[in-house]
Structure formats: C-alpha cells, structure tokens
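Participant: Below you'll find the structure I mean.
The values are calculated or read from the model by the stated rules, or taken from the named source; none is laboratory data. In this text the structure is predicted, and so the values were computed from the model without any measurement. Methodologically, a virtual Cβ is constructed for each residue, glycine included, from the backbone with ideal geometry; neighbour enumeration extends over all protein chains shown. Ligands, DNA and RNA are stripped out before the accessible areas are found, and what is left, the full protein with its side chains, is counted by its heavy atoms. Shrake-Rupley method; radii C 1.70, N 1.55, O 1.52, S 1.80 Å.
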Amino acid sequence: MRLYAGFVRTVKRPGRYGDGRGSHGLALVVQPRKGGGVRKSWVQRVRINERTTNLGLGAFPVVSLAEARRKALENRRAIEQGQDPRGGGIPNFRKATDRTIRLHSRGWKPGSRTESAWRNGFANHVYPRIGHMPVDRITTAHVLSVVAPLWHAKPRQAEHLKRRIGQVMQWAMAQGYRSDNPVGEALSATLPRKTRPVAHHRAIDHADVAEALRRVERSNVAASTGLAIQFIAATAARTGEARGARWSEIDFEERVWTVPAERMKTQRDHRVPLGTMSLDVLHKAARHSDPADPGALIFPGVRGGPIGHGALAAAFRRLGIGTVHGLRSSFRDWCGELGIRREVAEAALSHIVKGVEGAYARSDLLGRRREVMEAWGRYIKP
C-alpha cells in the first residue's frame, strides 16, 4: 500500500512504513522521542556496489512525502547510471568529523576553545580506534570501545566524547550515509552506572578570597593576568567573559560593563555593575592597554590576543588557590550566608531562572546588584 499525506501527518505508532511497490525502497521511520511524542524521518533502502544500505532523505515535515519520493527517484536513477548518490563515496570518521566541525563552528563564540577540545579529544581517544572507518560501518560496539575505557577514569571526558561522536553520526545520517545513530539507547544501556560523584570546579572559602588575591598580587604572574583574576573575582564573571572584555563595553559614567550576547553562555547581553574594586582594577589595566581604542582588549595576553584560559588556570594552580571559575562559587556561598535574595544572586551570576519564577523575572535587578557587588568588592579587596 502506498503512503498518503494524511497518514504521514497523523501516524504516532513507532515503526517503519514502506511506500509500497514502485517506491524505490522509500519508507517512513517513526521513532519515539525521549521527552515524549515521536520523530519521523525518510529512509530509502538501496543496493550500492553490491551492498544494501539505507539513505537518509531528511525529516518530516521539513521533507514532505512528495519531496521524499522525488529524492528516492533521483537516487535510483543515479544508481542505475553507476553513480553513488552520496557523492564522492562514504567518508571515514575523521573526514566526517572535519565536516561536522565546519558546520557547527559557525555557531561557536569567537575565541571559543570548543574546536580544539573536539580535535584534541578525538586525536587522543577516538581516531586511533575508528578514525579510519567509513561512517556507515561504525557500530555501537565500536563506540563502546572508545568510551568504556574512560567511563570511570575520566567520566567528564567520556561524556563529551560520547556526545560529539553522536553529533558526527547525526551529520552522517543527514547526508544519507547511514540511517541510524550508534550512539543511542543501546549504548547508554550498555555503559555501567557511574560510581564517582561529578567533579565541580574547586572553590575556596569566601573568607579566603582576599588572601588569595593578595597572593596573586605578590606573585610573578603577568600583570594583565593578575588584573584579570582580580576583575573576575570582583565581578563574579565567567573567565571567557572577562578574557574577551574590551574597552568599548565599559561605561565609566554609568559604572556598568555590558557583556555582548555573543560572549555570554546565556546568549543575551548581560549588564554588570562595577563597584569600587572593579573600577580600581580597570584603572590599573589602562596602564597595560589603550582605553582610547574602543576595540582594544582590557586584559591582553603576551601576544596581543586574549589571555589564554590555560594561563589563568595555571596561575591559580601554581598559587594553590582553587580555580578561577571557583570564585563564582565563593561569591554564591557568600550571598547565601548573608541572606541575599536568591534572584539577586542568580542575576549577578547571569544564571537563567527557569519555571514560573523565571517567567516573571523581567528585570535584571541592576540597582540591587550594584549594592551587592560593592559590598562583595569591599569584602575581598586584597
């Protein structure tokens, strides 16, 4: 029986529904979603080079029944003419990764370490096992051989690798190189439960932050690096936000630093009230940068670009004072002990409050946050 538009639109029962005779192997695949409901995609079963394979033709409703039939016919004609409808053959995992990174990198923030994290992790743990394999030959067992050895020893890295391998496989599905993702429920069910607790960024007690900053001042770290650490502490900002800060973002008259959306984890502009300590740090930073140039970095690295994340982390490790990111936890603990209202503390950390509370939180509470950040600056001033 041939499929018809009404059935494709309304079917909810998971399964594979063929388009009948003369459809050139076209089928609608209905799969359950984790959060409920179903997803529908078009798959064409064909034989290329004496081997049966499945070509992904896209998801419904982006690809309609008529469009899926047209694609299936085009693929069948290409095969009859001795061509491979997938283009220049099936890429191996390494090549597929390069194309996936190119596709995703357009949405990554400028200066992001995401690409290097992908490439370094894959070079060390993934490519030696499956980098040479065509993407349509990779099975759940192959992915398991990559992830399992790290699952308990390096759980955070194992999770990252698992997710990124899955993204490469999704790209392969979209290109028609395979019809399923080996990083799915079968892999999750096979991996053992983790026994180690999640490792959070190590924070120092808020009462010790002032002494920690004094150690930074007395150390031999580069001046720009030391000032960046003090600025991060005074503003409770994320490291990436401070490393990329430019003079054009500072309004000295209003005493506000506006971090643009493209550098924010929340993907929206964030106003940071500048207390006395923050302004003192900026005035010192002006000796090492040019505030007259709006595009100049406030805390430039030794080569003129942003300070490397590793330089900040190395300075804290060398001084034995936790992590730079852990300063945000120190600030949050201080807010909790002083009874500062949750919505004010969360806004200071640029956290998005979810649920009903978040829906009604229209203001960024700048005035109330200004008082809090001024008090915090006095408390931790070295």
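Participant: Return only the number of the condition from (1) modelled with pLDDT of 85 or more; (2) farther than 22 Å from Ala186 by Cβ; (3) open to solvent by 50 Å² or more (accessible area, probe 1.4 Å) that Pro110 does not satisfy.
Facilitator: Pro110 satisfies all of (1) modelled with pLDDT of 85 or more; (2) farther than 22 Å from Ala186 by Cβ; (3) open to solvent by 50 Å² or more (accessible area, probe 1.4 Å) except (1).
Participant: Could you list all residues from segment 278-296 that are open to solvent by 10 Å² or more (accessible area, probe 1.4 Å) and under 21 Å from Glu217 (Cα atoms)?
Facilitator: Leu279, Asp280, His283, Lys284, Ala286, Arg287, His288, Ser289
Residues are listed down the side, and each one gets a yes or a no for (1) surrounded by 18 or more Cβ atoms within 10 Å (Cβ to Cβ); (2) at pLDDT below 90; (3) farther than 21 Å from Asp293 by Cα:
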{"residue": "Leu227", "(1), (2), (3)": "yes, no, no"}
{"residue": "Phe231", "(1), (2), (3)": "yes, no, no"}
{"residue": "Arg238", "(1), (2), (3)": "yes, yes, yes"}
{"residue": "Glu253", "(1), (2), (3)": "no, no, no"}
{"residue": "Trp257", "(1), (2), (3)": "yes, no, no"}
{"residue": "Pro260", "(1), (2), (3)": "no, yes, no"}
{"residue": "Arg263", "(1), (2), (3)": "yes, yes, no"}
{"residue": "Asp269", "(1), (2), (3)": "no, yes, yes"}
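Participant: Quick one: what pairs do we get from segment 149-171, first residue touching a residue at least 40 places away in the same chain (Cβ under 8 Å), second among the small types (Gly, Ala, Ser), C-beta under 6 Å, 6+ apart or different chains?
Facilitator: That search, which allows pairs on different chains as well, returns Trp151/Ala158; Leu161/Gly121; Val168/Ala96.
Participant: Six or more apart or on different chains, Cβ under 8 Å: which pairs go from a residue in segment 111-133 that's at positive phi to one that's surrounded by 14 or more Cβ atoms within 10 Å (Cβ to Cβ) and assigned to a loop (DSSP other than H, G, I, E, B)? Could you list them?
Facilitator: That search, which allows pairs on different chains as well, returns Gly111/Gly244.
Participant: Turning to a different aspect of this structure: If you take the residues in segment 236-288 that are without any contact (Cβ under 8 Å) to a residue 40 or more places away in the chain, part of a helix (DSSP H, G or I) and over 28 Å from the mean Cα position of the chain (by Cα), which one is farthest from Val209 (Cα to Cα)?
Facilitator: Looking at residues that are without any contact (Cβ under 8 Å) to a residue 40 or more places away in the chain, part of a helix (DSSP H, G or I) and over 28 Å from the mean Cα position of the chain (by Cα), I get His283.
Participant: Hand me the list of helices (runs of 4 or more DSSP H) wholly inside segment 308-382 holding 2 or more residues that are modelled with pLDDT under 85 and surrounded by fewer than 15 Cβ atoms within 10 Å (Cβ to Cβ).
Facilitator: The helices (runs of 4 or more DSSP H) meeting that bar are 309-319, 355-360.
Participant: Just one of His142, His125 is surrounded by 14 or more Cβ atoms within 10 Å (Cβ to Cβ), out of contact with any strand residue (DSSP E or B) (no Cβ under 6 Å at 6 or more places or on another chain) and more than 23 Å from Thr52 (Cα to Cα); which is it?
Facilitator: That would be His125, the only listed residue that is surrounded by 14 or more Cβ atoms within 10 Å (Cβ to Cβ), out of contact with any strand residue (DSSP E or B) (no Cβ under 6 Å at 6 or more places or on another chain) and more than 23 Å from Thr52 (Cα to Cα).
Participant: A further question follows. Among Val183, Val209, Val168, which is within 30 Å of Arg102 (Cβ to Cβ) and in a helix (DSSP H, G or I)?
Facilitator: Val168
Participant: May I ask you to say which residue of Arg271, Arg246, Arg263 is in contact with a strand residue (DSSP E or B) (Cβ under 7 Å, 6 or more places away or on another chain), within 15 Å of Ile307 (Cβ to Cβ) and among the basic types (Lys, Arg)?
Facilitator: Arg246
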